[in-house]
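Single-structure report; data block below.
Laboratory data are not the source of any read-out in this text; all were calculated from the coordinates shown. Keep in mind it's a predicted model, so treat the numbers as computed, not measured. Please note: Cβ atoms are built from the backbone with ideal geometry, for glycine as well, and neighbour counts cover all protein chains shown.
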Amino acid sequence: MKKAVYLFLVFVLLSVPAFAAEDIKLPAPEKSGGIGVLDAVASRQSAGDFEDTELTLEQLSTLLWVAGGVNRDNGKLTYPTASNIQDMIIFAFTKSGTYRYNPSEHSLTLIAEGDNRVLTGSQPFVAKAAVDLLYVQDASKWANTGRKVPPEAILNCGFAHAGLSMQGVYLYAASQGWGARTRMNFDRKGLTKLLGLTKNHNFTLMQCVGPKP
Ligand SMILES: Cc1cc2nc3c(=O)[nH]c(=O)nc-3n(C[C@H](O)[C@H](O)[C@H](O)COP(=O)(O)O)c2cc1C
């Protein structure tokens, strides 16, 4: 009997990480509203400061959908990618955790609990922005195509994909009266460790997004 109880406890304990690792399903994003696109283009700019706050799950959902969600039944994204390679991983850093965005499921995978925003840049406003988005290219997607593409061309596509996504975020931020700022300096060593990146992953750019003071 004692053995059965012991085995049961072992089973329960081993099961805990599986439950803890479950993805967070995001609510449906808003797909209409905001200001007109020309008004958003007219007011797009890089913000110099951010409020140290958190977005609601609904706001985070729409932000990530804009940044890189699926916008058509054929699984294609809100921004274009070369040959629809979809090689960009978007990581979201917030006050409460660091997450990987999964476009096809419109869900988040928790990478690390707690506030790691400081790893995403040394400028003081970085650790305050509601969300810091990190755009990392998964170059292994190119190896799987069997095409011979030079590494610099692959990296160029990574930066192009990040830029295309980021302009959408700039316009969404403008439509919400929030700030956004592209950035290129971050703690690559710390982020590689935290996110478990490999030599197949290429850092591109970061972007701070959220309400302004
Ligand atoms: C590729 C790229 C890298 C950038 N890196 C930084 C950065 O590391 N830190 C920063 O504060 N701003 C950075 N910026 C923001 C620019 O300074 C900003 O876009 C520029 O001053 C023009 O201002 P605007 O975006 O308001 O038009 C970057 C912008 C781009 C496009």
*Taking only C-alpha pairs under 8 Å that are 6+ residues apart, what is the relative contact order of the chain in percent?*
27
*Evaluate 2.2 N^0.38 Å with N set to the residue count of region 130-208, then give the Cα radius of gyration divided by it.*
1.22
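Suppose every K and R has +1 on its Cβ and every D and E has -1 on its Cβ; what is the size of the dipole of the chain about the Cα centre, in Debye to the nearest 20?
Values: 21 positive and 18 negative charges, 134 e Å.
With only Lys, Arg, Asp and Glu charged at Cβ, the dipole is about 640 debye.
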_Spatial separation of Cα centroids for region 26-74 and region 178-209, in angstrom_ = 20
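Hey, what number do you get for the chain at 222 nm if only DSSP H runs of n ≥ 4 count, each worth -39500 (n - 2.57), divided across all residues, to the nearest 500?
Numbers: 6 runs with 76 residues, N = 213.
Calculated mean residue ellipticity at 222 nm is -11000 deg cm²/dmol.
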*Binning at 10 Å from 0, report for the chain what percent of all alpha-carbon pair distances ends up in each bin.*
8, 32, 35, 16, 6, 3, 1, 0
_Nearby aspartates and glutamates by direct alpha-carbon distance to LYS31 (threshold 20 angstrom, same-chain neighbours under 8 apart not counted)_ = ASP39, GLU58, ASP73, GLU105
*Which whole number in µm²/s is D for region 34-152 by Stokes-Einstein, with the Kirkwood Rh taken over Cα pairs at 10 °C and 1.306 mPa s?*
98
